[in-house]
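Student: Structure in structure tokens, see below.
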Amino acid sequence: MVDLTEVSARYSWIVLLLCAFAIFSLTAASIAHSSILTLIMGELNLNYTEAGSLTTTYFVGYSLGQIPWGYLADRFKTSRVIALSTLGTSLFTLLFAAATQGSEAILWRFSMGFLGAGIFVPGVRMVLAWFPSHRRGVAIGFLGVASSLGFIFSAPVSSFISISYSWRWSIWFFAALGLPSFLLSWTLLKERSDGKLSRGEGLRDGRKMFAEKSFWILGFDQFVRLGAMYTLLSWLPTLLLEAYGVERFWSSLSVVVMNVVGILSSAMGGLVSDRAGEKAVIITCLTALIPAFYLLAVVRDQIVVWILIIVFGWFINFLRPPTFSILPRLYGIQRAGTASGYQNTFASIGALALPFLLGYVRDYTASFDGGWISLAFICGAASIITLLLKS
């Protein structure tokens, strides 16, 4: 007789790998422009604020897509949502690479973001459904590893292809990367239907989320987490290039360093939050980011900056698993897609607002320093209010 529990446990890892590959391809495509941003700015005649909007508008679309994709993931086939979103993201990435003016590039980046929202949130929902509560932090941490690998892969490959050919060929390459993910998700990814989705967990009315202060506190933490991440990923290569004279290829390695560190950090964040509790991990990470951002504004030593890049990579990636693994405990697994969608909306708003803010500060003051200090204050505020998060 076939042991269904054993089969389910084995297949849960296949689900995790498939969702991780989809997130890897999405992440690589979403940030491929960062290390070659000055090339895109030159050809499309963009200033710093407009260049920042390439990241911002991506996350406008990503933000708008979170709630509807999370809703669809809870009510229809999550696997089909992931597969079709992966295909759509690839198609709009191709169109971004073909853009001939800034407004056109911004439109396609918005569309990439909207379709990309149908990958991460449904992926989180599916992984949470297949893994038991005591392993969810580790599973979400593994998705974080996939995201970090996407960043690591994207930066040097994007720079190399752009130097050898052009920035357009670089973006086209990352568009094509999503096609095998689409095929694998469509053919191999399956729903869990053994009736164990919510065993041992209370199912709450989704409308009650909005009445709970923990919902809004966690949302602000998500805003800070992803906003800080994409601000650094968007602007660190340019900071090193302009302020420290680091060559383009080597400046792009700032993205790689952050995410090499993030591979171990994401896994450890999930493991520690499963044992020590999500709230303690969230507060610790946010508090550690306060002095890191302040030092980035005041130091002028390149070695210290590279050390800070390692610090950012560790604590931002350590923060990701607990902010999602806490959701089934608060809202039940059958609301996990919707809850993830709401929470990732907050994260996406941060990722669209904070990179734009830093670009605006750079245009207005001719320096990034004011932006880094502002981020230190924002992290401090998040750390304080998280003390009120339901534990």
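Conditions (1) within 19 Å of the chain's Cα centre (by Cα); (2) not in a helix (DSSP H, G or I), marked per residue:
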| site | (1), (2) |
| --- | --- |
| Glu43 | no, no |
| Leu46 | no, yes |
| Tyr62 | yes, no |
| Tyr71 | no, no |
| Thr93 | yes, no |
| Phe114 | yes, no |
| Phe120 | yes, no |
| Arg125 | yes, no |
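Student: Among Arg300, Arg275, which is the only one that is charged (D, E, K, R), farther than 27 Å from His33 by Cα and free of Cβ contacts under 8 Å to residues at least 24 places away in the same chain? Before you say what the answer is, go through the steps one by one.
Tutor: On the way: Arg300 fails: farther than 27 Å from His33 by Cα.
Arg275 is the lone residue from the list that is charged (D, E, K, R), farther than 27 Å from His33 by Cα and free of Cβ contacts under 8 Å to residues at least 24 places away in the same chain.
Student: Moving on to the next point. For the range 309-322, does any single residue satisfy the condition of being in contact (Cβ under 8 Å) with a residue 12 or more places away in the chain and more than 27 Å from Gly116 (Cα to Cα)?
Tutor: So in the range 309-322, the residues in contact (Cβ under 8 Å) with a residue 12 or more places away in the chain come out as 309-322.
Okay, now just the ones that are also more than 27 Å from Gly116 (Cα to Cα), so 310-311.
Yes, that holds for at least one residue.
Student: Tell me whether the range 375-382 contains one or more residues that are within 23 Å of Gly137 (Cβ to Cβ), surrounded by 18 or more Cβ atoms within 10 Å (Cβ to Cβ), touching a Lys or Arg at 6+ places or on another chain (Cβ under 6 Å) and touching a residue at least 60 places away in the same chain (Cβ under 8 Å).
Tutor: As a first pass, look at the range 375-382 and keep what is within 23 Å of Gly137 (Cβ to Cβ): 379, 382.
Within this subset, residues satisfying the condition of being surrounded by 18 or more Cβ atoms within 10 Å (Cβ to Cβ) are 379, 382.
Still in the running and touching a Lys or Arg at 6+ places or on another chain (Cβ under 6 Å): none.
Among the residues of the range 375-382, not one is within 23 Å of Gly137 (Cβ to Cβ), surrounded by 18 or more Cβ atoms within 10 Å (Cβ to Cβ), touching a Lys or Arg at 6+ places or on another chain (Cβ under 6 Å) and touching a residue at least 60 places away in the same chain (Cβ under 8 Å), which makes the answer no.
Student: Out of (1) over 29 Å from Pro132 (Cβ atoms); (2) in contact (Cβ under 8 Å) with a residue 12 or more places away in the chain; (3) hydroxyl-bearing (Ser, Thr, Tyr), what's the single condition that is false for Thr365?
Tutor: (2)
Student: Residues being polar (S, T, N, Q) and part of a helix (DSSP H, G or I): count how many of those fall in the range 356-391. Can you show your working first?
Tutor: The first filter runs over the range 356-391 and keeps only residues polar (S, T, N, Q), leaving 365, 367, 374, 383, 386, 391.
Then keep just the ones that are part of a helix (DSSP H, G or I); that gives 365, 374, 383, 386.
Residues that pass the stated criteria total 4.
Student: Could you please find all residues in the range 286-311 being surrounded by 24 or more Cβ atoms within 10 Å (Cβ to Cβ) and farther than 23 Å from Leu253 by Cα?
Tutor: Leu286, the sole residue that qualifies.
Student: When you check Ala99 against the structure, is it of a type in the set (A, V, I, L, M), at pLDDT 80 or above, surrounded by 18 or more Cβ atoms within 10 Å (Cβ to Cβ) and outside any helix (DSSP H, G or I), yes or no?
Tutor: Numbers: of a type in the set (A, V, I, L, M): yes; at pLDDT 80 or above: yes; surrounded by 18 or more Cβ atoms within 10 Å (Cβ to Cβ): yes; outside any helix (DSSP H, G or I): yes.
Taking the combined requirement at face value, the residue satisfies it.
Student: Of everything in the range 66-96, what is closer than 27 Å to Met41 by Cα, surrounded by 22 or more Cβ atoms within 10 Å (Cβ to Cβ) and small (Gly, Ala, Ser)? Give them in sequence order.
Tutor: Ser90
The values are calculated or read from the model by the stated rules, or taken from the named source; none is laboratory data. Values in this document were obtained by computation on a predicted structure and should not be read as measured data. Here Cβ is always computed from backbone atoms with ideal geometry, including for glycine, and neighbour counts include all displayed protein chains.
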